[in-house]
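First up is the structure itself, then whatever we jot down about it.
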Amino acid sequence: MRYLLVLMVSVVIPVVLGCAQKEEEATVPIKTSPAEVYITKVIGCFDHTESIMSEITKAAEAAADRAIKGGNLYVTDDETVTRTGKEEVKMMPGGGAQYPMTEDWGGFVAEACDRAGGLRHVQPVPINNEVKSDDIVLVGTNELRPDVQAAQIKKLKDQGALIIVFGSRSSKIAGMGDYLIANGLEAGEVPVMTIGTKKTGPVGVMANVINEWTFISEYVAALTRKGKMPSLYQSMFIPGAAKRNTAAGEYRFHPDMNINPVAAGVLGRQYVNTVRGYLREIKANELGLFRQAGKTCAETINSGHKVVASVIGHFMVSQFRTSSYPDIFEELPNMYGRDYLEGVLSKGDTWLHVGYSYTPERELNLAKEVGAKTICVMTPGPTDIGEGQPVSPDKSKIDTYIDVYWKHGDAVVEVPGYDTKIIPPSGVVMITAYWMIIGETLSDM
């Protein structure tokens with residue numbers, strides 16, 4: 001059965017009566033696709049972030065004051081608060097860390113840590129919740145474990161940590177922090193697409209992540225106004241990034257780099273305006289392709305075949321665990337290369353590639369060899385994992401290609417004088433695109 005979202009509006013339609021024409025008002029249904037509903041809501045989240053920029057800057061300045069005194073920057077969320085600590089953690093020089101993407105990670109934490117364009121010195125709150133009095137903790141909440149989070153915050157505050165909460169004003173822990181970066185939503189995961197009788201497409205974590213990256217942008221700017229420039233990652237796909245990142249990892253703040261002070265609001269608005277701009281472009285130009293992709297996925301599933309979704313991204317790890325996530329695709333982590341698809345894809349299947357800055361040349365060849373359809377939502381990059389120049393895909397091998405507008409390098413904020421752009425758009429844009437395809441698929445099933 002096919003479901004469509006319906007928006008009732010009043011329009012004026014010319015009606016012919018005999019030989020005369022007369023305009024009469026009539027109410028007609030305008031069909032709004034799930035994809036459009038979802039992306040419009042995410043754009044609205046950016047609008048809200050822009051409206052609270054001064055509040056974000058104030059919290060960032062307080063965090064920067066502690067950081068220059070030696071305070072560590074930590075991050076936690078609903079899911080990460082209960083992590084087991086069994087994952088292998090490799091500490092990096094200068095306070096940074098490399099963490100594997102494990103099942104006990106939440107999206108708010110996964111986006112912040114070990115991230116292209118992100119800070120080198122941010123890490124999850126220690127398992128034992130032991131911190132110092134100068135430390136800063138960013139807390140993302142979607143009301144999944146409010147009592148557990150409240151207990152954690154109390155312990156952290158008792159040790160003197162600065163607590164900055166990201167979430168709804170209606171969340172149970174909203175008033176427990178020193179600062180609240182409100183997401184403008186009701187408490188919870190906040191699914192926004194109604195298909196049939198069910199709701200899906202959560203934007204709660206998305207809104208918190210948008211605020212998180214805006215905060216980090218303003219945190220960097222606040223540090224420049226205090227004479228410091230923190231070290232940040234460059235995307236591992238950029239030529240020379242490994243050598244550059246290794247050198248930058250030797251310190252928390254660059255000792256040999258004089259960056260002019262950046263005024264409040266400048267970097268945060270760069271991030272908001274640029275990424276919101278990508279989403280507006282997608283909404284204006286790509287919605288038809290999302291509908292096409294959803295129809296292909298639905299036809300594949302309805303005919304008894306499978307959609308194999310290869311996905312990559314820090315933020316992506318948490319999507320499959322949201323309460324409204326539908327079990328319609330066979331998800332695979334994107335391992336780069338045809339080997340991981342061999343024996344998985346068959347004739348009649350569809351391969352859905354929601355990728356990073358990578359051109360899946362070998363995967364596309366295999367898909368065509370076995371007779372599978374292909375959908376690529378991606379930014380062109382090298383044809384192998386690691387450093388390289390972008391390679392344009394052979395679109396004759398792609399049944400549906402969707403441009404997501406962000407570019408190779410995965411960074412959109414420019415700090416004058418710094419050696420690389422910072423702050424990634426990919427997590428927010430790619431998760432938006434993924435839910436748009438899910439919504440369109442469900443509406444056609």
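The values are calculated or read from the model by the stated rules, or taken from the named source; none is laboratory data. Owing to the predicted nature of the structure, the values given are computational and were not obtained by experimental measurement. No Cβ is skipped: glycine too gets one built from the backbone with ideal geometry, and neighbour counts run over all protein chains shown.
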**Request:** Identify the residue in the stretch 282-323 that is assigned to a loop (DSSP other than H, G, I, E, B) and at pLDDT 95 or above and, among all such residues, is nearest to the chain's Cα centre (by Cα).
**Result:** Glu286
**Message:** Whether any residue in the stretch 388-409 is over 30 Å from Asn258 (Cα atoms), out of contact with any helix residue (DSSP H, G or I) (no Cβ under 7 Å at 6 or more places or on another chain) and part of a helix (DSSP H, G or I) is what I want to check.
**Reply:** yes
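Name the single residue, out of those in the stretch 414-445 being of a type in the set (Ser, Thr, Tyr) and part of a loop (DSSP other than H, G, I, E, B), that is surrounded by the fewest Cβ atoms within 10 Å (Cβ to Cβ). Working first, answer last.
First pass over the stretch 414-445, keeping only residues of a type in the set (Ser, Thr, Tyr): 418, 420, 426, 432, 434, 441, 443.
Right, trim to part of a loop (DSSP other than H, G, I, E, B) and you get 418, 420.
Details: Tyr418: 18, Thr420: 20.
The qualifying residue surrounded by the fewest Cβ atoms within 10 Å (Cβ to Cβ) is Tyr418.
On the given criteria, is Lys58 among the basic types (Lys, Arg) and within 16 Å of the chain's Cα centre (by Cα)?
Details: among the basic types (Lys, Arg): yes; within 16 Å of the chain's Cα centre (by Cα): no.
Answer is no for this residue.
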**Asked** Residues of the stretch 167-212 being out of contact with any strand residue (DSSP E or B) (no Cβ under 8 Å at 6 or more places or on another chain) and polar (S, T, N, Q), which ones?
**Response** Ser170, Thr197
**Prompt:** What are the residue pairs meeting all of these: first residue in the stretch 183-195, first residue under 17 Å from Val37 (Cα atoms), second residue part of a strand (DSSP E or B) and of a type in the set (D, E, K, R), Cβ atoms under 7 Å, and 6 or more apart or on different chains?
**Reply:** Pro191/Lys199; Met193/Lys199
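This table checks each residue for (1) surrounded by 13 or more Cβ atoms within 10 Å (Cβ to Cβ); (2) of a type in the set (S, T, N, Q); (3) outside the structural domain of Val122 (by TED's automatic domain parsing).
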site	(1), (2), (3)
Asn258	no, yes, no
Ala263	no, no, no
Arg276	yes, no, yes
Glu286	yes, no, yes
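Taking the condition among the aliphatic types (A, V, I, L, M) and either under 24 Å from Met206 (Cα atoms) or modelled with pLDDT under 95 (or both), does Val370 pass? Walk me through it before giving the result.
Numbers: among the aliphatic types (A, V, I, L, M): yes; either under 24 Å from Met206 (Cα atoms) or modelled with pLDDT under 95 (or both): no.
No: the conditions fail for Val370.
Identify, please: which residue in the stretch 115-144 is charged (D, E, K, R) and closer than 23 Å to Val203 by Cα and is, among those, surrounded by the most Cβ atoms within 10 Å (Cβ to Cβ)? Steps first, please.
From the stretch 115-144, those charged (D, E, K, R) are 115, 120, 130, 132, 134-135, 143; that's our starting set.
In the following step, the residues that additionally are closer than 23 Å to Val203 by Cα were identified as 115, 143.
Details: Arg115: 24, Glu143: 20.
Residue satisfying both the conditions and the ranking: Arg115.
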**Prompt:** Regarding Lys407, is this residue among the basic types (Lys, Arg) and within 30 Å of Gly268 (Cβ to Cβ)?
**Reply:** yes
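Among the residues of the stretch 159-189 satisfying the criterion of being of a type in the set (Val, Ile, Thr) and farther than 20 Å from Glu50 by Cα, which is surrounded by the most Cβ atoms within 10 Å (Cβ to Cβ)? Write out each step before concluding.
First, the residues of the stretch 159-189 that are of a type in the set (Val, Ile, Thr): 163-165, 173, 181.
Those still in the list that are farther than 20 Å from Glu50 by Cα too: 163, 173.
Values: Ile163: 21, Ile173: 26.
Residue satisfying both the conditions and the ranking: Ile173.
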**Failed criterion for Ile238 (all others in (1) free of Cβ contacts under 8 Å to residues at least 40 places away in the same chain; (2) touching an Asp or Glu at 6+ places or on another chain (Cβ under 8 Å) hold)** = (1)
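Table: residues versus (1) surrounded by fewer than 16 Cβ atoms within 10 Å (Cβ to Cβ); (2) of a type in the set (S, T, N, Q); (3) modelled with pLDDT under 95.
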residue	(1), (2), (3)
Arg2	yes, no, yes
Cys19	yes, no, yes
Ser33	no, yes, no
Gly71	no, no, no
Lys90	yes, no, yes
Ala97	yes, no, yes
Gly106	no, no, yes
**Prompt:** Only one of (1) crowded, with 19+ Cβ neighbours inside 10 Å; (2) in contact with a helix residue (DSSP H, G or I) (Cβ under 8 Å, 6 or more places away or on another chain) fails for Lys347. Which number is that?
**Reply:** (1)
**Request:** Could you please give the count of residues in the stretch 222-271 that are under 27 Å from Gly355 (Cβ atoms), in contact with a Ser or Thr (Cβ under 9 Å, 6 or more places away or on another chain) and among the β-branched types (Val, Ile, Thr)?
**Result:** 1
